[in-house]
1. Among the numbered criteria (1) surrounded by fewer than 17 Cβ atoms within 10 Å (Cβ to Cβ); (2) of a type in the set (Val, Ile, Thr); (3) not in a strand (DSSP E or B), which single criterion is violated by Ile291?
2. Report yes if Glu230 is at pLDDT 95 or above and under 20 Å from Leu413 (Cβ atoms), otherwise no.
3. Do any residues in the range 42-65 that are open to solvent by 60 Å² or more (accessible area, probe 1.4 Å) have Cβ atoms under 7 Å from those of residues that are modelled with pLDDT of 95 or more and among the basic types (Lys, Arg), where the two are at least six apart or on different chains, and which pairs are they?
4. Would you pick out the residues in the range 97-118 that are open to solvent by less than 80 Å² (accessible area, probe 1.4 Å) and not in a loop (DSSP other than H, G, I, E, B)?
5. Just to be sure before I move on: is Tyr128 surrounded by 14 or more Cβ atoms within 10 Å (Cβ to Cβ) and of a type outside the set (A, V, I, L, M, F, W, C) in the structure I sent?
6. Touching a strand residue (DSSP E or B) at 6+ places or on another chain (Cβ under 6 Å) and either surrounded by 16 or more Cβ atoms within 10 Å (Cβ to Cβ) or farther than 25 Å from Asp36 by Cβ (or both): which single residue out of Ile91, Ile146 fits that description?
7. Read through the list (1) open to solvent by 20 Å² or more (accessible area, probe 1.4 Å); (2) free of Cβ contacts under 8 Å to residues at least 40 places away in the same chain, then give the number of the only condition that Cys217 fails.
8. Considering each residue of the range 193-249, count those that are closer than 25 Å to Ile307 by Cβ and aromatic (Phe, Trp, Tyr), and give that number.
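The values are calculated or read from the model by the stated rules, or taken from the named source; none is laboratory data. On a predicted model such as this, the values are computed, not experimentally measured, just so you know. Positions of Cβ are backbone-derived with ideal geometry, glycine not excepted, and every protein chain shown enters the neighbour counts. Protein only, heavy atoms only, side chains kept; ligands, DNA and RNA dropped before computing areas. Shrake-Rupley method; radii C 1.70, N 1.55, O 1.52, S 1.80 Å.
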Amino acid sequence: MERIYIKDLKDRIGQEITIKGWVDVRRDQGKLIFFDFRDASGKVQGVVLPNASQAHEVGSKLRPEWVVEVQGKVNKRPERAIQKDKQNGDIELEIFAISILNEAETPPFDISNEGREIGEETRLRYRYVDLRRDRMQKNIRNRHKITQFVRNFYTNEGFVEIETPYMTKSTPEGSRDYIVPSRVDKGKFYALPQSPQQYKQLLMTAGFEKYFQIVRCFRDEDTRGDRQPEFTQIDMESSFVAQEDIMAINEKLIVNLVKTLYPEKEIQELPFPRLSYKEAMEKYGNDKPDIRKDKNNLNLLAFCWVIDFPFFEKTDEGGWTFTHNPFSAPKPEYMNNLMDRKDIGDIVADQYDMVLNGYEIGGGGIRNHTAEALKKVFEIMGYTPERIEKNFSYMLKALSSGTPPHGGLAFGLDRLIMLLQNEPNIREIIAFAKTGEGRDPMMDSPSEVQPEQLLELGIKIELPKK
């Protein structure tokens, strides 16, 4: 008999059907055995009556999390037994036969609640069980809905989704790279991308004009609640645009996403208010202010833009470094300052951050699209001509080949979903997350590798002396 998903049982009243899934709850009352069954689409209650001898015999052995195939008839519940607040609360499955597809060991923890009282290390070690709980199912399924919405939005706006490499070149800017040794070129390394920043600019050089990607990024930095060693960005870039164009299309994306997928949530102010970096620091003491008027309202979303960031800031050694990334352009009125390398501390970048409830959820900028301007940035940062040539020659050549003015933005997808789902950290909305220290207790990684693997790569491990 054809398998029916539990969500569709309401359309099968009076019919004999087959479902497949997990035993969610078992309540043995002797002559009657009640079950809640669960599949990917939902839950339903079933009952084994005394005359169903096979189902009674098998049902008396079943335990939670066993995988089963169940045959039965969909009946309407008596009026007094209807549970209007539950899925399938007005129907019940009269069970005729049960087949055990797989038994299960006793679960390591209870999955009938939200699981917040369970230690994170334990939850991550048994993540395949933890993900069965309702809250985690909703988080991951809503993540899918969000990414699908984003793809459709940008596509309808004329953007092209293009994949960029995961094995790239290590460059001396941003956070610490994760590096990958080359077996063929011993002593040389790839780096995992901290973002597709340079690739997406090269795609503008290539003439695609409108690019987006939902992309995995990697940064070897200390983790915290809203960071992971690997994380996901919604990345976009567009040619022949100014700051207003990028801000407008991405504000439109977020407003439409919230209204479509989270209609219960209230956006505090439209259009999103704008604060200069200086205003944010003076009024709130940071550049990602929480401007909610009622911080006790979980469904209140207070978006804002922070703009007019300083381009450079002093290093501890007294030199200059960038505040966001070195590929940004100054605002047009400060371009002469950049090219003449004067009043460097006063240069304002053509950069913008989108902030939600005290978290930066997206940031971007208009880029330097000429080789001369980009070179000046690296010179201000103290790079020698040899270092600029070694690390960025390909980028400078590309910009010299006819690159249009362009700019873009990247959203932290994990952080955005965390806030929309009212979760305390991004590990709650990542299917197979790592601990705050960057470990995977389930896979037991990072882990040692075989000596012959290191030999092939020409690598020798020297552990620090204790």
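1. (1)
2. no
3. Close Cβ pairs satisfying both conditions: Arg63/Arg26.
4. Of everything in the range 97-118, those that are open to solvent by less than 80 Å² (accessible area, probe 1.4 Å) and not in a loop (DSSP other than H, G, I, E, B) turn out to be Ala97, Ile98, Ser99, Ile100.
5. When the stated conditions are applied, Tyr128 does not pass them.
6. Values: Ile146 fails: touching a strand residue (DSSP E or B) at 6+ places or on another chain (Cβ under 6 Å).
Being touching a strand residue (DSSP E or B) at 6+ places or on another chain (Cβ under 6 Å) and either surrounded by 16 or more Cβ atoms within 10 Å (Cβ to Cβ) or farther than 25 Å from Asp36 by Cβ (or both) holds for just one of Ile91, Ile146, which is Ile91.
7. Every condition holds for Cys217 apart from (1).
8. Adding up the residues that qualify gives 4.
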